[in-house]
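The values are calculated or read from the model by the stated rules, or taken from the named source; none is laboratory data. All figures in this text were calculated on a predicted structure; none of them were measured in a lab. Positions of Cβ are generated from backbone atoms using ideal geometry, with glycine treated the same way; all protein chains shown enter the neighbour counts. For accessibility, only protein heavy atoms count, side chains too; no ligands or nucleic acids. Shrake-Rupley method; radii C 1.70, N 1.55, O 1.52, S 1.80 Å.
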Amino acid sequence: MSVVEDYDRILQPRATQGLVGAEKLQSVFLDALGHGRLHHAWLIGGPDSCGKATFAYQVAKFLLDHQFAVWDAAPKVQDLSVSPDSRAAAKISAGSHSDLLLLSRRWDADNKRMTAGIPVNDVRRLTQFLGSTAGEGGWRIVIVDKVDDMAPAAANALLKSLEEPPSNCLFLLISDNIQRLLPTIRSRCRKSMLSRPTDTEMATIVKAQMEEFDAAEFALVEGLADGRVRYAMDLMATDHGDLRHDMQARLDEPPGDLKNLHALADALCLRGRDALFAEFLERARLFVHNRAKAMAGQGAANPWIDVWDVLDRQQRETETYNLDKKQLILNLFALLNKAKHAAALLPA
């Protein structure tokens, strides 16, 4: 992925229209508004690519659209949606709203690369932003995407603002793993968790964001994506439907002759197909995980546990020592064959 694509990923949620799922969290937020007890800092946690940033931007659009009338509006609505004609929402989508500050990794023009984390100097801009009068006379909102990307110095700079927040200011902190954050940051926020969208919700989101939606292709990636919308879209953006189908079919088939696997292994190891090779290994891991889980608690030795351990070790060795990827694939199918035979011999 290019650095431009990486930065586009960070900015993309601000332009997303509407919010699919997250009904519980929307209800919690609206209830807090309706009772006049909105906490000044919300820590939005959950797995990667589950819609945390989209939720944060939707909150910003709702607050900056209603401004101080939001206290009266909240009890009368069912969700955080705003009018398609909302000027505030349009400005946020364009990245031009003066009362919204985004802190994130960004493109470093001097070094021609993405910053490794959220720069501490960017966080120090909070003092000026929070010390100024709101451009439209209402709320000021700070989105940190993601707070996980902050070095200690940047986190401490943020902490100072969280400790003494000005009035009519809301912090929305996004995190993939809130337990790894500084306890002092966690303690100053209201923690809210988002779960991954269901397959149906994920399909709705992907349809809305892709110009061409192929239901058959989506069916091949939805299980592997496991609610990770961006990952599902990345997989569908590549034109490898036939090869993807072949991968899954080979994993699912009964133990057979490994000679026929060479064509698949060769295709996965072609130059420029690193992402496809990584997808195959993730599919294999998901296959082994599901088989091991299905046999758990049956009182017999679980042959799939050994497959997982050996695959993990061989993958690390292949990456560390730049070993033959094709051999890793062939070794994996030999392990799968052995485990499938062993599982078939166990009493039902």
Here the Cα Rg-to-2.2 N^0.38 Å ratio for the range 101-215 is 1.28
Cα-derived Rg over Rh, computed across the chain with Rh taken as Kirkwood radius: 1.04
Using Cα positions and a limit of under 17 Å, work out the aspartates and glutamates in reach of LYS326, with same-chain residues fewer than 8 apart set aside. ASP246, ASP257, ASP266, ASP274, GLU279, GLU282, ASP312, GLU317
Whole-Hz ³J(HN,Hα) for each residue in the range 43-51, computed from phi via Karplus 6.51 cos²θ - 1.76 cosθ + 1.60 with θ = phi - 60°, x for glycine and proline: what do you get? 9, 9, x, x, x, 4, 6, 9, x
R0 = 35 Å: FRET efficiency of ALA237 with SER83, Cβ-based, nearest 0.05? 0.65
Could you order peptides 44-54, 292-302, 195-205 by the average number of other Cβ atoms within 10 Å of their residues, highest first? 44-54, 195-205, 292-302
Calculate the dipole size of the chain relative to its Cα centre from +1 charges on Lys and Arg beta carbons and -1 charges on Asp and Glu beta carbons; express the result in debye to the nearest 20. 1000
Label-point separation (nm) for THR200 and ALA294, each offset 7 Å from Cα along Cα-to-Cβ? 2.5
Which whole number in µm²/s is D for the range 48-173 by Stokes-Einstein, with the Kirkwood Rh taken over Cα pairs at 25 °C and 0.890 mPa s? 158
Hey, can you rank 228-241, 206-219 by average C-beta count inside 10 Å, highest first? 228-241, 206-219
What residues qualify as long-range amide H neighbours of MET150, i.e. H under 5 Å apart, gap of 5 or more or another chain, H built at 1.01 Å from N? ILE118
If packing is taken as the average count of other Cβ atoms within 10 Å, what order do 107-115, 303-311 fall into, highest mean first? 303-311, 107-115
What number, rounded to the nearest 500 deg cm²/dmol, is the helix-based mean residue ellipticity at 222 nm of the chain, given -39500 (n - 2.57) per DSSP H run of at least four residues and division by all its residues? -16500 deg cm²/dmol
Among PHE68, GLY36, ASN177, pick out the residue whose Cα is farthest towards the positive end of the charge dipole of the chain, where Lys and Arg carry +1 and Asp and Glu carry -1 on C-beta, about the Cα centre. GLY36
In the range 37-193, lysine pairs 8 or more places apart or on different chains with C-alpha atoms under 15 Å apart total 5
Could you please state how large a percent of the accessible area of the chain is carbon and sulfur, counting protein chains only and using a 1.4 Å probe? 50
Per residue, in Å², the accessible surface of the chain once ligands and nucleic acids are set aside, probe 1.4 Å: 52
Starting from the Cα-Cα distance between LYS160 and ARG9, subtract it from 0.36 nm times their residue separation and give me the gain in nm to one decimal. 51.5 nm
